[in-house]
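Data first, discussion second: the structure below is written as structure tokens.
What follows is calculated from the coordinates using simple rules that are stated; it is not laboratory data. This is a predicted model, so every value here is computed, not measured. Virtual Cβ from ideal backbone geometry, glycine too; neighbours counted across all protein chains shown.
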């Protein structure tokens, strides 16, 4: 009998989690009554990412009343990427899904996603939003530009509007688990491993409760992580900028020398000199900053610290050592 593991990363989702549980159990009850999905069991893995609002208490209460509910509580907040990775490591199902607790990932899509994996020969089914209704306009604008940029500078297949919400078979999950890097950017990792992926589209859905945990600044930093993790383009840009500034400096120097020798004009005032110094200095600082980003990621990888630490859990042990 097949089992589906559903990973639910949570950070301060006390209000949304009970609503999510009621909805997902309703969907599975309907699936169990259909001939094509009859006999499919499930486990719900709630990963509490250091919540401070009582999310863990809700998860424990659900686990008491439902043996299919598992929970993992981190010792502190490690971020959604760590929460997803922890869920993948502890999932034992032949099929594994990742969903948010705020119901922005419609559980009603799971039956269709399951049928696609079983009947159409795909290894994963991803979801993407075709609209961003309800989001701030500036946030939607930069999100679209980010995906367009990544499609040009990265070899990882990242689809515009893609969500972390997806259903994967065991082969796909094992491939993700083989990537043990500390600085994780799952949207890129999903595309990097390849395999056959089908995309399902849906309209944007607002949160059922609570507030988003992602500010514009956090999303900006997250996008920088994605660029650094999956592209060397910034390094090439820094190199090209260095070459360009060098050529400009040579041309300016020749111009000053020729003008002095031919026309006998004195060298121009300090203003032009300051502008040139600021221009070259700005390029140098930009290049150093880009190099610093890459070096900082290497520094964190070299430490080989664990991606997360568990405070408490009702799961005996993960499927593999982390």
task = Quick one: check the C-alpha center-to-center distance for segment 79-104 versus segment 1-70, whole angstrom.
result = 11 Å
request  = Consider a paramagnetic label point 7 Å from the Cα of residue 19 along Cα→Cβ; state which residues of segment 57-101 have an amide N under 15 Å from it.
outcome  = 100-101
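Given a Förster distance of 51 Å, report the FRET efficiency between residue 26 and residue 291 from their Cβ-Cβ distance, rounded to the nearest 0.05.
It comes out at approximately 0.45.
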key: Modelled FRET efficiency - R0 30 Å, residue 116 with residue 61, Cβ distances, 0.05 increments   = 0.35
task = Please give the length that would be gained between residue 108 and residue 170 if that part of the chain were fully extended, namely 0.36 nm times their separation in residues minus their C-alpha to C-alpha distance (nm, one decimal).
result = 20.1 nm
message = Which residues among segment 82-106 fall inside the zone where the amide N is under 19 Å from a point 7 Å beyond the Cα of residue 33, along Cα→Cβ?
response = none
task = With a point put 7 Å past each Cα toward its Cβ, work out how far residue 235 is from residue 199 in nm, to one decimal.
result = 2.9 nm
ask   = Given 0.36 nm per residue, what is the gain on full extension from residue 252 to residue 41 after removing their alpha carbon distance, in nm?
value = 68.7 nm
ask   = What distance in nm separates the simple spin-label points at residue 3 and residue 243, each placed 7 Å from Cα in the Cβ direction?
value = 5.6 nm
